[in-house]
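Structure first, then comments.
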Amino acid sequence: MSEPVDQLEGTPVAQTPASRLAAYMRGGGVTVPLLTALLAFLLGGLVVLVTGHDPIATYKAIFEGTGFQWLFPWVTGVDRETAALNLQQTLILTTPLILVGLAVAFAFRAGLFNIGGQGQYIVGSIAAVWVGSSFAGMPGFLHIVLAVVAACLAGAAWAGLAGFLKATVGANEVISTIMLNYIALWLGVYLFSLGGPLQNDRDASLPVSNDVVESVHLPVFWGDPVLQGLHIGLFVALAAVGIFWLILNRSTTGYEVRAVGLNPEAARYGGMSVAKNYVLVMAICGLFAGLAGALDVLGWQFRLATNDIQISQVGFLGIAVALLGRNTAVGTIAAALLFGGLLSGTSQRNLDPTIFEPELASNLTTIIQGLVVLFVSADVLVLGMLRRGRGLFRRRRSAPPAELEAEA
Amino acid sequence: MSTATAAARRAGLSAKQLGWAGVLLGAIAWYITLPPLLVRTALPSVVLALVAVAAGVASARGGEIRLGRGAVLAGVAGGIGAIVATKSGEANLEKVFVWSALFAAMLRFATPLLFGALGGIMSERSGVINVGLEGMMLMGAFFGIFGADVFGSWFVGVLVGIAAGGVLGFVHAVFSIALRADQVVSGVAINFLAAGITGYVFIAHYGDQGTPGEVPSVPDVKLPLIEDVAFIGDAIGEMSLLTWMALLLVPVIAVYLYRTPGGLRLRSVGEKPRAADSVGIPVLRTRYLAVTASGCLAGLGGVYLSLALVHSFNQGMTAGRGFIALAVVIFGAWRPYGALAGACLFGFSSAVAQRLPAFSESLAVLFQALPYVLVLIVVAGLIGRSRPPAAIGVPYVKE
């Protein structure tokens, strides 16, 4: 087995749970992500306040739109039913966010910045909608598997291209993945636009794909299938998180990925092929993002309009999800839940327009997303605030020596 | 190919001249199949294209790797373009390739890219990666038209737009210089932030109506003397003031970077900050100024979009132009004149793509992806790799 390496600091650590926790806390632990999110929400609230709205009422309305209050046992009756419906929407949106979050996080662990989650998600959903709407009469389960595999492969190929360009000619993956996003977008718009090769057969005036056949719809396990209940894709996403963790922490590939991410030169010196790793890592990222596209298409969209492709922002949110989740498995789930809630809480469907316009609120989501990424980019900022805060605290209690406290 | 090299040597051509000859031949191969010449067989073009490729290879062998590869690419593109052109209908070609209009459209599309790229050069030459150009441009686009609307003056609008880009540039500077953030991540954050802020204020202030139609826009410059001259009149006789400004900024920034002490300091900070520091150049302050200026320039590019090109604002209207500007910076090897060439190349591809619906509506949609594919080719270094400033992306810590 490889020597255990602290995933945040990249330094070897002793293996006891306590010391692990201590190391994690030194790196900010869960406090830093929490503070980061809090700070972003506070500043977002300030924007709301400055533009003449009540931030508390706004956030309360958004929270009510998420359906999270379903978890509170004291919410009963009609409120509970509404909350259940809203929570189903939140979890439907959380599902792809988990996966695109993994797509970004996995790349980060290899020292790559995958901004192409959006493009990989788009090609995945195109592949899924194409397979799902063709081959009618195939057995349902087999058909679903085929559509999902096609989507994963499409995503993997799209991302792998960026990895390949990085490995062979050193093309910066930031720019190449961004460009692949736009290329995927226009490819999708072209395919389903009027006169496009994959436009639907029913109505030539609609820029929409064919519907996927009934038998590839993912089963709904909570709520009414007709009213867009929660599909089993959530479990697939959670399983993907498990696979992410296993690949990263319990496989040779994962060890190499992390080694390349921490220090490519050292990894190369140690006999690993950095170039091969870049392609492999990006392909795995694309796999996750492509899967996200498949689950959305087979779970609740069932068709793709050119408009859906143009306004979709899922893949970009993946960046904030991964960064806030500190590129870890559990962190990604938590962060995806936060942004999933924010997305559904600010949607036309769930947010009360008399309190705050949904269109404004969706831009508020983007602002919060930007602030989160900005604060994470400079961990020193929040960490520094934390230290200063602790310092104040310490002084007030007339302080045990710092070393002692660190030991404890 | 050695015969080509030998032939060239006999003719007394240097590798550099060979390279340029190749680029030119590649272009001619395509040009002769287009109006007004309209050669309807591909053979002469294919021959020209092959000669261009040969010249490119010989030039690359002779040491001009970048130029040589460019010539090879020009030859291949020229040949393919010529074959496509000979297979298309003459009427369609006449509709798409109106050269004076294409040239004018090229400059229109190149202007925002040029502003953005010049901004990128300022920032990156000082050692700070600026992935946030897109967001800074978007800020300029919205606050430019917002300012012009609120104050009723395009001039104030331009100033507000520049300031908005500059503010975001300053935020990027604080995070990447003082807080030593990961500059790429911070730049990406800047883009989200700009999308959110502009979208928010846009909806809050204009709602579903969109920006009003009667906002004062940046005036065009009419050149009375050449307005009636055949080609030039149509091409540059009536261009936006901001296009002229962008073109003018190219030599200005080139002179600043290479002929003034300030430019030398800026470049030294981006190459070897430690050495610059040791001779008393304020590294951090230089970077702050450069990144803020970068935001102002990108903002100006955005102002051009909303106040001169489209005359309105819609959410996310920059549509990746900031990222293309970044590719233009790389294409131009971090030099102002190189950026001009790159901006024109991308501007031309957009100008052609814009006129393609004459052929096929749905294919024209696909051609919207052309500039982005070109960027991919550029960053893949197919035209040869150039060396970025040495200290780029590395936060500076004073000893």
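General remarks:
- Residue that is farthest from the other protein chains (Cβ to nearest Cβ), among those in the stretch A:89-108 that are crowded, with 24+ Cβ neighbours inside 10 Å and more than 14 Å from A:ASP296 (Cα to Cα): A:LEU102
- Matching residues, the stretch B:347-380, being of a type in the set (S, T, N, Q) and closer than 26 Å to B:VAL329 by Cα: B:SER349, B:SER350, B:GLN354, B:GLN368
- Failed item in (1) crowded, with 21+ Cβ neighbours inside 10 Å; (2) in a helix (DSSP H, G or I), with A:ILE115 passing the rest: (2)
- Counted residues, the stretch A:326-374 - those being under 13 Å from the mean Cα position of the chain (by Cα) and small (Gly, Ala, Ser): 7
- Only residues that are of a type in the set (Val, Ile, Thr), buried (at least 20 other Cβ atoms within 10 Å of the Cβ) and out of contact with any Leu (no Cβ under 6 Å at 6 or more places or on another chain) were counted across the stretch A:347-373, and they come to 3.
- Applying the criterion of at least 3 residues that are modelled with pLDDT of 55 or more and buried (at least 18 other Cβ atoms within 10 Å of the Cβ) to the helices (runs of 4 or more DSSP H) found wholly in the stretch A:1-88 leaves A:31-50, A:55-66.
- Sole exception among (1) closer than 30 Å to B:SER59 by Cβ; (2) not in a helix (DSSP H, G or I) for B:SER312, by number: (1)
- Residue check, B:GLY332 more than 14 Å from chain A (Cβ to nearest Cβ), of a type in the set (Gly, Ala, Ser) and closer than 24 Å to A:ASN172 by Cβ: yes
- Unmet criterion (only one of (1) over 19 Å from B:LEU159 (Cα atoms); (2) touching a residue at least 12 places away in the same chain (Cβ under 8 Å); (3) surrounded by fewer than 20 Cβ atoms within 10 Å (Cβ to Cβ)) for B:LEU266: (3)
- The requirement of being without any contact (Cβ under 8 Å) to a residue 24 or more places away in the chain, hydroxyl-bearing (Ser, Thr, Tyr), surrounded by fewer than 19 Cβ atoms within 10 Å (Cβ to Cβ) and not in a strand (DSSP E or B) is fulfilled nowhere in the stretch A:213-224; no residue meets it.
- Just one residue in the set B:VAL365, B:VAL329 is outside any loop (DSSP other than H, G, I, E, B), free of Cβ contacts under 8 Å to residues at least 60 places away in the same chain and among the aliphatic types (A, V, I, L, M); that residue is B:VAL365.
- Pairs where the first residue, in the stretch B:195-208, is free of Cβ contacts under 8 Å to residues at least 40 places away in the same chain and the second is of a type in the set (Val, Ile, Thr) and surrounded by 19 or more Cβ atoms within 10 Å (Cβ to Cβ), C-beta under 7 Å, 6+ apart: B:GLY196/A:THR366; B:GLY196/A:ILE367; B:TYR200/A:VAL47; B:TYR200/A:ILE367
- Of all residues in the stretch A:193-212 being within 7 Å of another protein chain (Cβ to nearest Cβ) and without any contact (Cβ under 8 Å) to a residue 40 or more places away in the chain, the one that is nearest to B:VAL328 (Cα to Cα): A:GLY196
- Meets criteria (touching a residue at least 12 places away in the same chain (Cβ under 8 Å), within 14 Å of chain B (Cβ to nearest Cβ) and in a helix (DSSP H, G or I)) for A:SER176: yes
- The residues in the stretch B:141-175 that are among the aromatic types (Phe, Trp, Tyr), more than 14 Å from chain A (Cβ to nearest Cβ) and without any contact (Cβ under 8 Å) to a residue 24 or more places away in the chain can be counted, and the count is 2.
- Restricting the stretch B:326-370 to residues that are at pLDDT below 85 and touching a Phe, Trp or Tyr at 6+ places or on another chain (Cβ under 7 Å), the residue that is surrounded by the most Cβ atoms within 10 Å (Cβ to Cβ): B:VAL365
- Of all residues in the stretch A:229-244, those that are in contact (Cβ under 8 Å) with a residue 24 or more places away in the chain and within 14 Å of A:LEU298 (Cα to Cα) have Cβ atoms under 8 Å from Cβ atoms of residues that are of a type in the set (D, E, K, R) and in a helix (DSSP H, G or I), 6 or more apart or on another chain, in A:GLY233/A:ASP296.
Quick grid of which residues meet (1) in contact with a Phe, Trp or Tyr (Cβ under 9 Å, 6 or more places away or on another chain); (2) away from chain A (no Cβ under 14 Å); (3) under 20 Å from B:GLN315 (Cα atoms):
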position: B:ILE177; (1), (2), (3): yes, no, no
position: B:ALA189; (1), (2), (3): yes, no, yes
position: B:GLY199; (1), (2), (3): yes, no, yes
position: B:TYR206; (1), (2), (3): yes, no, yes
position: B:GLY213; (1), (2), (3): no, yes, yes
position: B:LYS222; (1), (2), (3): no, yes, no
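- Residues (of a type in the set (Val, Ile, Thr) and at pLDDT 90 or above) located in the stretch B:292-317: B:THR292, B:VAL303
- Single match in B:PHE170, B:PHE155, B:PHE192, B:PHE151 (criterion: crowded, with 24+ Cβ neighbours inside 10 Å and aromatic (Phe, Trp, Tyr)): B:PHE192
- Residues being free of Cβ contacts under 8 Å to residues at least 40 places away in the same chain and not in a helix (DSSP H, G or I) - total across the stretch B:51-87: 0
- Taking the stretch B:170-287 as the region of interest, the helices (runs of 4 or more DSSP H) fully inside it that hold 1 or more residues being of a type outside the set (A, V, I, L, M, F, W, C), closer than 30 Å to B:VAL310 by Cα and under 28 Å from the mean Cα position of the chain (by Cα) are B:183-206, B:230-236, B:241-259.
- Hey, A:TYR190 at the interface with chain B (Cβ under 10 Å from one of its Cβ atoms), within 23 Å of the chain's Cα centre (by Cα) and assigned to a helix (DSSP H, G or I) or not: no
The values are calculated or read from the model by the stated rules, or taken from the named source; none is laboratory data. Bear in mind the structure is a predicted one, so any value in this text is a computation, not a measurement. For neighbour counting, all protein chains shown are included, and Cβ atoms are generated from backbone atoms with ideal geometry for every residue, glycine included.
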